[in-house]
Every structure is written in structure tokens, then in C-alpha cells.
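The values are calculated or read from the model by the stated rules, or taken from the named source; none is laboratory data. Just so you know, these numbers come straight off a predicted model, no measurement behind them. Here the Cβ is made from the backbone with ideal geometry for all residues, glycine too, and neighbour counts use every protein chain on show.
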């Protein structure tokens with residue numbers, strides 16, 4: 001069994017790990033750390049237990065021990081399905097350009113079966129209707145119909161954005177890093193084509209000036225540095241095509257990795273990227289597309305147009 005599996009393959013280690021997670025949930029991080037160490041005595045190469053130990057040590061304020069545990073998690077799972085590199089970055093005050101692909105893929109592969117229900121019911125997610133409304137306002141101001149030819153949906157998830165825009169596009173192709181998400185989007189019948197893969201490679205495979213609309217609803221929370229995406233999106237958009245997206249708002253800097261291991265970007269950063277690629281900003285709305293523990297997450301919705 002792989003060392004980064006959710007089970008160590010040893011029942012006694014698994015039980016101690018489960019108890020540790022319970023203790024952490026109750027706020028008893030000292031007990032959680034002790035139980036993780038017990039699990040690791042039995043299964044020393046098990047990445048989830050090292051990650052949980054790092055969490056516990058960080059919660060106790062022992063930054064050095066937390067970093068050591070996250071480093072061990074990385075050593076046990078070099079692809080980093082746990083996201084240990086992100087936790088290390090937070091502890092060191094760093095902002096990596098993007099998270100490990102294995103982390104995002106694993107997160108959403110596990111999440112796919114309950115994604116729509118949890119996102120809409122528990123997190124009050126409303127990214128697609130927010131983007132549709134922003135597009136409608138921008139199109140009205142530009143004096144154009146809100147109808148498009150070929151569209152691309154970056155980080156399409158299970159297909160909520162395509163559902164919102166039903167009838168507005170001649171075709172929509174989607175991409176999602178998590179294969180389970182891509183499978184559900186494909187099965188929805190809302191897309192002409194869906195790929196499981198990286199959105200940058202997905203864009204790079206498209207011909208220049210071949211699409212009229214590029215969408216990214218609540219996707220850039222898993223991508224800090226947006227310059228490569230902006231460059232490829234500008235290339236694939238035909239003249240007058242729209243680039244429409246939401247993001248979590250940062251107050252300062254370009255982008256920042258938060259405690260929730262999601263990225264936020266500043267309005268100034270987006271405006272600078274847009275200017276560099278020659279986009280016209282048709283709309284920038286202050287929004288919240290979801291909640292975090294019942295509190296609206298501050299965000300922005302942008303509509304950019306290719307010249």
C-alpha cells in the first residue's frame with residue numbers, strides 16, 4: 001500500500017491516527033501530537049500521520065517541530081498529495097506560485113461525489129450566477145448580445161458554470177485537474193468535450209484566436225501566479241472575446257496563500273496583468289462566491305475583453 005494512503009495498512013496505527021484527528025477536532029492538540037507520534041512509531045513512512053503531526057505542532061506554536069513534520073510528510077509522499085509544501089510555505093511566510101497538482105487532484109477526486117450538494121448547501125456557493133450577471137452587465141454596456149461561439153471552462157468541476165450558461169454558447173469545452181470531477185462534468189452532457197488535466201496545458205493546446213469566451217469560476221483560489229494563464233487566455237481569445245472569472249480578494253501584494261491553503265489575488269495585480277496582455281476591463285465587481293464557517297469570503301468578479 002502506498003505510504004501516502006489514508007490507511008497505513010496497520011490497524012493499530014490507523015486507530016491512533018483516527019484518535020489523533022478526533023483530539024485535534026476537540027482542540028486538544030497536545031493529545032493529537034502524542035497520538036500521531038504513537039502512530040508513526042508503528043508506521044514511520046506514513047505521510048498523513050506526519051502531516052497531522054505537523055498540524056498539531058503548528059497549533060501548539062512549535063514552528064520548528066511543525067516544519068520538521070511537514071518535511072517528513074513530503075519525504076514520504078514526494079508528489080505531495082497532502083499539501084505539506086503549502087503548510088511549510090505558510091510557516092515560512094512564503095507564497096509559492098501554485099499548489100502541488102497531486103494535492104488539488106486528490107482533494108477534488110475525494111470531493112467529487114458530494115461536491116455540488118456541499119458547495120451550494122453548506123458553503124452557499126454562487127459563483128456561476130455571479131459571473132453570468134457580471135457578463136450580462138458587461139455585454140449590455142458594450143452593446144452586444146450575450147451569446148458566444150466556442151467557450152472554455154477552466155476548472156469546470158461538475159459543470160455548474162455550463163449549466164448556468166445553457167444556451168448562451170455554441171459549445172463549451174471543460175477541463176479539471178481531478179479526473180473524478182471531469183468524469184462528472186462529462187456525464188452531465190453539458191460540454192462538447194471535457195479533459196482531466198492542467199488548465200495551462202489545456203489552453204496551450206488550443207489554436208490562437210479560436211474561442212470567444214474563457215471562464216474560471218472560483219478556480220484561481222488554487223493558482224497564485226496568474227500571469228501564465230492570462231498570457232495563454234489572451235492568445236486563444238478571438239478579438240472581442242471575454243475572459244470572465246472570480247477570485248478571492250487580497251488587500252495587498254500580488255497574491256497570497258491563506259491559512260485555508262487557498263490563494264487570494266489583489267485587484268491591482270489583476271489590473272496590471274490585464275494591462276500587460278492588452279485586455280480591456282469591462283467589469284470588476286466586489287462579490288462573495290462562497291462562505292467560510294458561515295462568513296462571506298471577500299472576492300472579485302472580473303470581465304475582461306480581448307482587443
For segment 269-278, state whether one or more residues are in contact (Cβ under 8 Å) with a residue 60 or more places away in the chain and more than 21 Å from residue 130 (Cα to Cα). no
Report yes if residue 238 is under 25 Å from residue 140 (Cβ atoms) and in contact with a strand residue (DSSP E or B) (Cβ under 7 Å, 6 or more places away or on another chain), otherwise no. yes
Is there a residue being in contact with a helix residue (DSSP H, G or I) (Cβ under 8 Å, 6 or more places away or on another chain), buried (at least 21 other Cβ atoms within 10 Å of the Cβ), at pLDDT 95 or above and closer than 24 Å to residue 102 by Cβ anywhere in segment 162-172? no
Need the failing condition index for residue 13 against (1) within 28 Å of the chain's Cα centre (by Cα); (2) farther than 22 Å from residue 91 by Cα; (3) surrounded by 16 or more Cβ atoms within 10 Å (Cβ to Cβ), just the number. (1)
Can you tell which of 69, 49, 39, 75 is modelled with pLDDT of 95 or more, surrounded by fewer than 16 Cβ atoms within 10 Å (Cβ to Cβ) and on the phi < 0 side of the Ramachandran plot? 75
For segment 204-229, which positions are buried (at least 21 other Cβ atoms within 10 Å of the Cβ), touching a helix residue (DSSP H, G or I) at 6+ places or on another chain (Cβ under 9 Å) and outside any strand (DSSP E or B)? 217, 218, 219, 220, 223, 226, 229
Return yes when residue 189 is in the same structural domain as residue 158 (by TED's automatic domain parsing), more than 24 Å from residue 89 (Cβ to Cβ) and out of contact with any helix residue (DSSP H, G or I) (no Cβ under 9 Å at 6 or more places or on another chain) and no when it is not. yes
